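Let me begin by presenting the structure, written as structure tokens, before commenting on it.
Where a number appears in this text, it was derived from the coordinates with a stated rule and is not lab data. Keep in mind that what you see is a predicted model, and the values were worked out from it rather than measured. We place every Cβ from the backbone using ideal geometry, glycine too, and count neighbours over all the protein chains shown.
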Amino acid sequence: MATRVGLVFGGRSGEHEVSIRSARTVAEALSTGANRQRYRIILHYVTRDGRWIVGDEATAALSGTIPVTPDNRLPRLPTTARQVDVWFPVLHGPNGEDGTVQGLFTLLDQPFVGTGVLGAAVGMDKQAMKAAFAAAGLPQVRYVCATADGLAHPDELVNRVEQHLGYPCFVKPANLGSSVGISKAGDR
């Protein structure tokens, strides 16, 4: 009997499109060769507003045609969630890689691929990860973390960047994945 894999993709983050591309790759890998007999994929597309879509609309989303179905209901798991043996989350960014969906599956006592809540949460937050690396004595490149207070005092923040890093330097959001939000700063 084939293992029923709930492939979850899309999501509410700015990395929605990246997630769809990643899900295509995973779906293809799970559907070719010997995997064709081992796994049955049940697609679960999460819209930008958090609704879970299955069936033809999920298939359309995977192929690049994003369904636009107005729905005022609260987001909820579809009934097909009960048919899944193991979840394969391919959600990128907040509400996907940050421990949120891992927490949902843990709460529902559903097995899933990947790290648990803590590993995902720490891994998604660059500042928390840097603190964990430092506590473990691992070497790191120099960095400056901009807090909300630092952003309220931009001149002080820029001075810290210039003192600790210099130019050019790279600016990256602490809680986004992929390359979303990265920029190269050549000067003030």
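For Ile53, nonlocal amide neighbours, meaning residues 5 or more places apart or on other chains whose placed amide H falls under 5 Å from its own, are Tyr45, Val46, Thr47. Qualifying trypsin sites (Lys or Arg not before Pro) in region 116-168, where qualification requires a DSSP coil assignment and no more than 10 other C-beta atoms within 10 Å, comprise Arg142. Taking θ as phi - 60° and the Karplus parameters 6.51, -1.76 and 1.60, the scalar couplings of region 8-24 work out to 9, 8, x, x, 8, 8, x, 9, 3, 5, 4, 4, 4, 4, 5, 5, 4 Hz in sequence order, x denoting glycine and proline. Scoring 162-175, 87-100, 33-46, 109-122 by mean Cβ neighbours within 10 Å over their residues and listing the highest first yields 87-100, 33-46, 109-122, 162-175.
Dividing the helix sum by the residues of the chain, where each DSSP H run of 4 or more adds -39500 (n - 2.57), gives a mean residue ellipticity at 222 nm of -10000 deg cm²/dmol. For region 179-188, putting each phi into the Karplus relation 6.51 cos²θ - 1.76 cosθ + 1.60 with θ = phi - 60° gives couplings of 10, 5, x, 7, 9, 9, 9, x, 6, 3 Hz, in residue order, rounded to whole numbers and with x for Gly and Pro. For Arg4, the amide hydrogen comes within under 5 Å of the amide hydrogens of Arg40, Asp85, Val86, counting only partners 5 or more places away or on other chains and with H modelled in the peptide plane. Each residue of region 56-65 was assigned a 3J(HN,Hα) from its phi angle through the Karplus curve 6.51 cos²θ - 1.76 cosθ + 1.60 (θ = phi - 60°); the sequence is 4, 5, 5, 5, 4, 5, 5, 8, x, 9 Hz, with glycine and proline shown as x.
Seen against the Cα atoms of the chain and their longest principal axis, helix 126-135 is set at about 70 degrees. When Rg and Dmax are taken over the Cα atoms of the chain, they come to 19.7, 63 Å.
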